[in-house]
Amino acid sequence: AQTVTQSQPEMSVQEAETVTLSCTYDTSESDYYLFWYKQPPSRQMILVIRQEAYKQQNATENRFSVNFQKAAKSFSLKISDSQLGDAAMYFCAYRSRANSKLTFGKGITLSVRP
Amino acid sequence: ETGVTQTPRHLVMGMTNKKSLKCEQHLGHNAMYWYKQSAKKPLELMFVYNFKEQTENNSVPSRFSPECPNSSHLFLHLHTLQPEDSALYLCASSQEGSQTYEQYFGPGTRLTVT
């Protein structure tokens, strides 16, 4: 069975600084997708970034980028130039291409200090 | 309306009540999902519908009954719930068979069982 592990329950970052959120996963499959979702206090789950396992290039979306290490089964999220609006809970998620089921980590609460 | 909508946003019900949660997706997707989010636990997938057919039931108690009349609407019928069923219930949709596979979430229904 696939598992997703986010071992850090909380992190804090100074506004305008950079922070990296860690995620590891376990799977025996070779064709899969990884996601980072953001859940602010409003509770709406928002997709931040997506990575296809077959792509070697790390995904980037504006201030958000990932460090995808397939052999190590690691998928970390880097947030550059942190803003107050980045404060939220962040979830790492995995799905295989063949199965629509998303497996989520426990999430990490990110706070941004002004 | 755009994206995924859910009604009601908040619901308080007694253990003997019957109520329904509604989800509607305006994205033209072919798959819909129900998740349960409890405090300090990862998101739990409850049900998956692909092309209106239920493809996954994650050992959910029978007091939760899903209904998918068409690819845009998803309901979760509730009856004789327990206090431990109090949680945030999230609906999501995705386009299976596409190149991206990400799920888009609604704002959730905060359910309190008294």
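The values are calculated or read from the model by the stated rules, or taken from the named source; none is laboratory data. Predicted, not measured: the structure shown is a model, and the values here were computed from it. Cβ coordinates were reconstructed from backbone atoms using ideal geometry, including for glycine residues, and neighbour counts include every protein chain displayed.
Points to keep in mind about this one:
- Counted residues, the stretch A:15-68 - those being over 14 Å from A:T103 (Cα atoms), over 11 Å from the mean Cα position of the chain (by Cα) and part of a strand (DSSP E or B): 6
One line per residue, one yes/no per condition, for (1) within 14 Å of another protein chain (Cβ to nearest Cβ); (2) among the acidic types (D, E); (3) farther than 30 Å from B:L111 by Cβ:
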| residue | (1), (2), (3) |
| --- | --- |
| A:R43 | yes, no, no |
| A:Q57 | no, no, yes |
| A:M89 | yes, no, no |
| A:R97 | yes, no, yes |
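- The C-beta contact set for the stretch B:67-89 (first residue under 20 Å from B:Q37 (Cβ atoms), second residue in a helix (DSSP H, G or I), distance under 9 angstrom, 6+ apart or interchain) comprises B:L78/B:D85.
- Number of positions in the stretch B:60-101 that are surrounded by fewer than 17 Cβ atoms within 10 Å (Cβ to Cβ), within 14 Å of another protein chain (Cβ to nearest Cβ) and at pLDDT 95 or above: 0
- Taken over the stretch A:17-36, the criterion of being without any contact (Cβ under 8 Å) to a residue 60 or more places away in the chain and within 13 Å of chain B (Cβ to nearest Cβ) is satisfied by A:W36 alone.
- Among the residues of the stretch A:69-79, those that are part of a strand (DSSP E or B) and in contact (Cβ under 8 Å) with a residue 24 or more places away in the chain comprise A:S74, A:F75, A:S76, A:L77, A:K78, A:I79.
- If only residues of the stretch B:102-114 that are outside any loop (DSSP other than H, G, I, E, B) and not polar (S, T, N, Q) are counted, the one that is nearest to the other protein chains (Cβ to nearest Cβ) is B:F105.
- Every residue from the stretch B:33-59 that is at pLDDT 85 or above, at the interface with chain A (Cβ under 10 Å from one of its Cβ atoms) and assigned to a strand (DSSP E or B): B:Y33, B:Y35, B:Q37, B:E44, B:L45, B:V48, B:Y49
- Residues (in contact with a strand residue (DSSP E or B) (Cβ under 6 Å, 6 or more places away or on another chain), facing chain B (nearest Cβ under 10 Å) and on the phi < 0 side of the Ramachandran plot) located in the stretch A:102-114: A:L102, A:T103, A:F104, A:G105
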